[in-house]
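Notes to accompany the following structure.
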Amino acid sequence: MSEYAFAVGNRFRGKIGFLNVLFKITKDCDCMAKDQPEIVGDIGLLASADPVAIDKASADLAIKQGQGDVFRKGYDVDWMPQLRHGAEIGLGSLDYKLIEIT
């Protein structure tokens, strides 16, 4: 997935932004036909020009609120290798600065 995102990001470099909507977070894809139970409460919206940083920040916030890796609890799959690979190929950075706007 990181490779595909890298290709698209290169095509639109400087013209692309990323939004993560952290509402009704479930263990399954939001493409499921019916509502799934939430694994953490609503967190808010995140915006960034860096797709790796925004995904890392989103996961960190969900994990902090859920008091543990709520994503691994669902399927016991380590999601970090994908983000690490994205950082390694230059897609983005694992480092971020969270600025809260209320």
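The values are calculated or read from the model by the stated rules, or taken from the named source; none is laboratory data. Since we're looking at a predicted model, the values are computed, not measured. Neighbour counts run over all protein chains shown; Cβ positions are idealised from the backbone, glycine included. SASA here: full protein model, heavy atoms, side chains in, ligands and nucleic acids out. Shrake-Rupley method; radii C 1.70, N 1.55, O 1.52, S 1.80 Å.
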- Query: Under the condition of being touching a residue at least 40 places away in the same chain (Cβ under 8 Å) and in a helix (DSSP H, G or I), which residue from segment 84-102 is farthest from Ser48 (Cα to Cα)?
  - Reply: His85
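Yes or no, residue by residue, for (1) buried (at least 18 other Cβ atoms within 10 Å of the Cβ); (2) out of contact with any helix residue (DSSP H, G or I) (no Cβ under 7 Å at 6 or more places or on another chain); (3) modelled with pLDDT of 95 or more; (4) not in a helix (DSSP H, G or I):
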site: Asp28; (1), (2), (3), (4): no, yes, no, yes
site: Cys31; (1), (2), (3), (4): no, yes, no, yes
site: Asp35; (1), (2), (3), (4): no, yes, no, yes
site: Ala53; (1), (2), (3), (4): yes, yes, yes, no
site: Ala57; (1), (2), (3), (4): yes, yes, yes, no
site: Lys64; (1), (2), (3), (4): no, yes, no, no
- Query: Which of the residues that make up segment 1-26 are aromatic (Phe, Trp, Tyr) and either in contact with a helix residue (DSSP H, G or I) (Cβ under 8 Å, 6 or more places away or on another chain) or not in a loop (DSSP other than H, G, I, E, B) (or both)?
  - Reply: Tyr4, Phe6, Phe18
- In segment 71-83, how many are open to solvent by less than 90 Å² (accessible area, probe 1.4 Å) and part of a helix (DSSP H, G or I)? 7
- Message: If I ask for residues that are open to solvent by less than 40 Å² (accessible area, probe 1.4 Å), of a type in the set (A, V, I, L, M) and modelled with pLDDT of 95 or more, which ones from segment 37-51 would you list?
- Response: Leu46
- Query: Assuming Lys24 fulfils every condition listed in (1) without any contact (Cβ under 8 Å) to a residue 12 or more places away in the chain; (2) of a type in the set (Lys, Arg); (3) surrounded by 11 or more Cβ atoms within 10 Å (Cβ to Cβ) apart from one, which condition is it?
  - Reply: (1)
